[in-house]
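Asker: The following block contains the structure, expressed as structure tokens.
The values are calculated or read from the model by the stated rules, or taken from the named source; none is laboratory data. From a predicted model like this one, the values you see are computed outputs, not experimental measurements. Cβ sites come from the backbone with ideal geometry, for glycine too, and all protein chains shown count toward neighbours.
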Amino acid sequence: METSQRIYDAAKHAFLKFGYHGTTIDKIARYAGSGKAMVHYYYKSKDELFKLIFKDYIMLLSDALNKHKAEKSHPINQGIEYPELYEIAWFIASEFKYNHELAIKTIRENKELTAIFLKSYNNPGWLENFQNIITAQLQAIFIRNNFKIQN
């Protein structure tokens, strides 16, 4: 695997696990098995990596939700085909909450992402499916951590 791809994959893993604020160039370099200089050689900044990854994750989520709509299947089942889908939806929602300015800037700078969000804004079903995926992620967290919900 090429160094740039290794760095990109390491950054995807770090952002997904720690979010934007918890991810550093040092962490990315460590996950990639390279030095900080190599990360900066291929990507000029953490923001550049974030924008590329955020875009890829939104595209993946959008494709999954569109596939759900075409197949009329429940969006929760999409997690079987895309094991990371729940985490990706959670990541996107978290970044909108905790890193709002960069998330919005990333969307505004990319015509394709802008079109996806305009389409989703005008399609309540898409937003409902996104919410269902987030709900499934929360349920998985509860199950994994043996949380008990009492009435």
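Asker: Taking N110 and the conditions (1) at pLDDT 75 or above; (2) within 17 Å of the chain's Cα centre (by Cα); (3) loosely packed, with under 14 Cβ neighbours inside 10 Å, which numbered condition does it fall short on, given that it satisfies the others?
Answerer: Only one criterion is unmet by N110, namely (3).
Asker: Kindly establish whether K105 is modelled with pLDDT under 85 and charged (D, E, K, R).
Answerer: Values: modelled with pLDDT under 85: no; charged (D, E, K, R): yes.
For K105, the condition - modelled with pLDDT under 85 and charged (D, E, K, R) - is not met.
Asker: Separate question: Does L52 satisfy being farther than 21 Å from E2 by Cα and of a type in the set (A, V, I, L, M, F, W, C)?
Answerer: Here the answer is no, as L52 does not meet what is asked.
Asker: Which numbered condition trips up I141, out of (1) more than 22 Å from T23 (Cβ to Cβ); (2) loosely packed, with under 15 Cβ neighbours inside 10 Å; (3) at pLDDT below 75?
Answerer: Every listed condition holds for I141 apart from (1).
Asker: How many residues does the stretch 115-128 hold that are within 16 Å of the chain's Cα centre (by Cα) and at pLDDT 70 or above?
Answerer: Keep residues of the stretch 115-128 that are within 16 Å of the chain's Cα centre (by Cα), which gives 116-117, 127.
Among the residues that remain, those that are also at pLDDT 70 or above are: 116-117.
So the answer is 2.
Asker: Give the stretch 67-83 a look and list any residue that's at pLDDT 60 or above and crowded, with 16+ Cβ neighbours inside 10 Å, or say none.
Answerer: H68
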